[in-house]
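This report refers to the structure that appears directly beneath it.
The values are calculated or read from the model by the stated rules, or taken from the named source; none is laboratory data. Nothing here was measured: the structure is a model prediction, and the numbers come from that model. Here the Cβ positions follow ideal geometry from the backbone for every residue, glycine too, while neighbour counts run over all protein chains shown. Surface areas here come from the heavy atoms of the whole protein model, side chains and all, with no ligands, DNA or RNA. Shrake-Rupley method; radii C 1.70, N 1.55, O 1.52, S 1.80 Å.
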Amino acid sequence: MATLQKIRNRGPLVVLVVGLALFAFVAGDVWKVFQPHQNSQDAGKVNGKTLSAMDYQQMVEEYTNIAQMRYGMTSLSDEMMTNVKDQAWQTYVNNQLLQAEAEKLGLQVTDAELQYVINNGAHPLLMQTPFVNQQTGRFDKDMLKMFLAEYAKMNPAQLPAETVEYYTKMANYWKYTEQALKDALLAEKYQNLLTKSIISNPVSAEMSFKGRTEETEVSLVAVPYSSIADKDVEITDKDLKALYDKKKEQYKQLVETRNVKYVDVKILPSDADRQAVQKDVTEFAGQLRETTDYVAFVRSTNSVVPFSEVPVSEKALPNDVALRLDSVAATGVVGPYYNQADDSYNVFKVIENVNVADSVQFRQIQVAAATAEKTEALADSVFQAIKAGANFEEVAKKYGQTGTASWISSQAWEGSAVDGESAVYINKLLSQPVNELTKLKVGQVYVILDVLAKKNVQNKYKVAIVKLPVTFSKETYNKAYNAFSQFVAQNTTLQDLEKNAENSGYTLIPREDMSSADNYVAGIRSTKEALRWIFGAKEGQVSPLYECGDNDHLLVVALEKVNKKGYRDMALVKEELRAELLRDKKAALLMDKMKGFKTLAQAQGMKDAVNDTVKHITFSAPAFISVTRASEPAINGVASKLAVNKVSAPIKGYAGVYMIQILNRAKTAETFDAKAEQYQQNMTNARLASQFIGDLYRKANVEDKRYLFF
């Protein structure tokens, strides 16, 4: 009792302590999301400026909303989300690099310049907005102005929540487009500045024209490097070091990377799993013949093809279903059957086959009030007023809407599970006669619907499809997991994996130069945890077992080597250096033997020599030599300068040593146009200048730490 009384007396203190403990527990879990590593809260850094994980997450959310608006989706696939995350990061990096340069040079995009481009309406970014006139196919600034005016005076309290949400998303989309347009214009200014610094002139234009239009025919003899055995060429460590030092800048890497080896186990269905799926689909075939509630039935089967209560075109159906539409029986049921293309068992039933328009032009007014009764009464009043001759758009404006006509096509709904009120609405659009007014209840609101035109009438189908891919069972998964788990537990070092993987029935796969910017390990989805492990591990360590992919992969990774930022270790490029030295030393040996040769016949007498005739050689494009199967730009340079009938000295190539004799030289029928040629050169210069972001990136200190969080 005394103890209980003490607790009562100290009740507020206990509550405070417990409350703080709970907060610490919850906050600790939340903090782990943003701080999986100590003292690390940044998603990245560009030129010393950090981007916090939270700011990056906000950027990703913004880009996600934009992508959903652009593609008309409510959610994005994993692949699309990966692209969105990379786009958000790359845009941030590019803008940081460009803005730093622009600030040094005093470059900027004024509001007047931005408005001029918007009014002109020709910029490609504007064509990706919702403000494109469907009749002209061009950006319509008047549509934009009308929307912005309506959005500015919009009263959210007087409009349905769906309308407010739509207008808000449209406004955010335009805000994003406006900023993206400003960034693009600044980049164009910077690129133009670089392009104008590389000026073409009549002399270079004439040289370029000659190099492109003067064609040479040559006879040649090639002595391939394969004529000398590798063992007959001595390559010392000193040779390797000298070549490495010469090419060192080529081996500079901007980010730290990892060399790993991994075992990936793809779990596949067993024969028993396959038979079970076939049995299920056979049973569903019988049920499909009897059911009338197709929405509930298809959902209950776990079919990967959702049921749509709206008829769709053949192209919206799975290919195996579309190909079998002509063989539909009297019951409308086809199957069960196996489709090898997607490894699935199938059965489907054609419920309806109708001719409907693929595109509908309509206008509408959404009507809502405080209660259901008032909403219905108001809808009746609006409906009767318009039927009596009231102007549709004027009435719409009274309720904060435009009432303007718009087109909608089947692309907006085909391929989705359309049922319930959405299906009622779309089916009404498809079935309602042109120039007929309808009052339609959709959810808690009424829609006054006016269909103005229809086009592209075609045959469409309402089909209930049961498509079940063959998947592995829980028993199959457990068997694979237990076997692999035992293997991982018994092989805890890289050396163990290398020694025992093959004997255990697994393949150890190497992967070099993995960077923290990689989204997946081994190209497998849901491997972020494995990626984090790789960049926190020590050489020789083996990771835990990861369950990844679509829960159909088991993965273990071993870290082989850490490649530090900076110059790559010579040992990592040793074989590349050796191959180049072999070629150089063989070329020196062959050219020494060919010293003093004056005719092709002399070269022809060498071991393994081959001969060929090559036509249409120009200075501007590497000559392809079929007998050595190599492109040899060195031959182009010599051929363009050598006189007709003359024989060249030995020429060092990529595949062998060559001697050539000029047989003929001629010009194409093309006539020289100095202005046109200079224009082409300027276009080439512009393409070169467009690579400026890569050059700025190499100079900047860019750190990508997104893998720690996302």
> Do you know which of the residues in segment 53-86 that are surrounded by 14 or more Cβ atoms within 10 Å (Cβ to Cβ) and of a type in the set (S, T, N, Q) is modelled with the lowest pLDDT?
Replying inline: Gln68
> Could you count how many residues in segment 561-582 are open to solvent by less than 70 Å² (accessible area, probe 1.4 Å) and either farther than 30 Å from Ile509 by Cβ or of a type outside the set (Lys, Arg) (or both)?
Replying inline: 11
> Can you tell which of Val277, Val260, Val255 is modelled with pLDDT of 95 or more and closer than 30 Å to Asp569 by Cβ?
Replying inline: Val260
> Is one or more of the residues making up segment 506-519 charged (D, E, K, R), outside any strand (DSSP E or B) and open to solvent by 50 Å² or more (accessible area, probe 1.4 Å)?
Replying inline: no
> Residue check: is Glu215 in contact with a His (Cβ under 8 Å, 6 or more places away or on another chain) and farther than 17 Å from Leu114 by Cα?
Replying inline: yes
>> Taking the criterion of being more than 41 Å from the chain's Cα centre (by Cα), touching a residue at least 40 places away in the same chain (Cβ under 8 Å) and farther than 14 Å from Glu215 by Cα, would at least one residue in segment 628-641 satisfy it?
In response: no
> Looking only at segment 99-154, which residues are assigned to a loop (DSSP other than H, G, I, E, B), open to solvent by less than 70 Å² (accessible area, probe 1.4 Å) and touching a residue at least 60 places away in the same chain (Cβ under 8 Å)?
Replying inline: Leu107, Val109, His123, Pro130, Met154
>> Which pairs turn up if I take residues in segment 489-518 that are over 17 Å from Arg258 (Cβ atoms) and look for partners that are open to solvent by 90 Å² or more (accessible area, probe 1.4 Å) and not hydrophobic (A, V, I, L, M, F, W, C) with beta carbon separation below 7 Å, at least 6 apart in sequence or on another chain?
In response: Ala501/Thr507
> Would you say Tyr251 is open to solvent by less than 60 Å² (accessible area, probe 1.4 Å), closer than 25 Å to Ile651 by Cα and hydroxyl-bearing (Ser, Thr, Tyr)?
Replying inline: no
> Within segment 209-224, restricting attention to residues that are open to solvent by less than 20 Å² (accessible area, probe 1.4 Å) and of a type in the set (Ser, Thr, Tyr), which residue is nearest to Lys585 (Cα to Cα)?
Replying inline: Thr216
> Within segment 18-35, is even one residue open to solvent by less than 50 Å² (accessible area, probe 1.4 Å), part of a helix (DSSP H, G or I) and at pLDDT 90 or above?
Replying inline: no
> Right, Glu188: under 30 Å from Glu677 (Cβ atoms), free of Cβ contacts under 8 Å to residues at least 24 places away in the same chain and either open to solvent by 70 Å² or more (accessible area, probe 1.4 Å) or among the charged types (D, E, K, R) (or both) or not?
Replying inline: yes
>> Pairs please, first residue from segment 564-592 and under 16 Å from Lys231 (Cβ atoms), second anywhere and open to solvent by 80 Å² or more (accessible area, probe 1.4 Å) and among the charged types (D, E, K, R), Cβ atoms under 9 Å, 6+ apart in sequence or on different chains.
In response: Leu582/Asp230; Arg583/Lys652; Lys585/Glu234; Lys586/Asp230; Lys586/Asp232; Leu589/Asp232
> When you go through (1) more than 26 Å from Ser208 (Cβ to Cβ); (2) open to solvent by 70 Å² or more (accessible area, probe 1.4 Å); (3) in contact (Cβ under 8 Å) with a residue 40 or more places away in the chain one by one for Asn645, which number turns out not to apply?
Replying inline: (3)
>> Quick test for you: out of Tyr251, Tyr262, pick the one residue that is of a type outside the set (Asp, Glu), within 18 Å of Asp513 (Cβ to Cβ) and in contact with a Phe, Trp or Tyr (Cβ under 8 Å, 6 or more places away or on another chain).
In response: Tyr251
> For segment 358-392, what are the residues that are within 17 Å of Gln158 (Cα to Cα) and of a type in the set (Ser, Thr, Tyr)?
Replying inline: Thr371, Thr375
>> For segment 233-272, give me each residue that is assigned to a helix (DSSP H, G or I), more than 30 Å from Lys474 (Cα to Cα) and among the acidic types (Asp, Glu).
In response: Asp237, Asp239, Asp245, Glu249
> In segment 425-465, how many residues are surrounded by fewer than 16 Cβ atoms within 10 Å (Cβ to Cβ), out of contact with any helix residue (DSSP H, G or I) (no Cβ under 8 Å at 6 or more places or on another chain) and of a type in the set (A, V, I, L, M)?
Replying inline: 4
>> On the basis of being under 30 Å from Ala601 (Cβ atoms), touching a strand residue (DSSP E or B) at 6+ places or on another chain (Cβ under 8 Å), open to solvent by less than 40 Å² (accessible area, probe 1.4 Å) and hydrophobic (A, V, I, L, M, F, W, C), does Ala285 make the cut?
In response: no
> Can you name every residue in segment 472-501 that is within 22 Å of Glu539 (Cβ to Cβ) and open to solvent by 50 Å² or more (accessible area, probe 1.4 Å)?
Replying inline: Ala489, Gln490, Thr492, Gln495, Glu498, Lys499
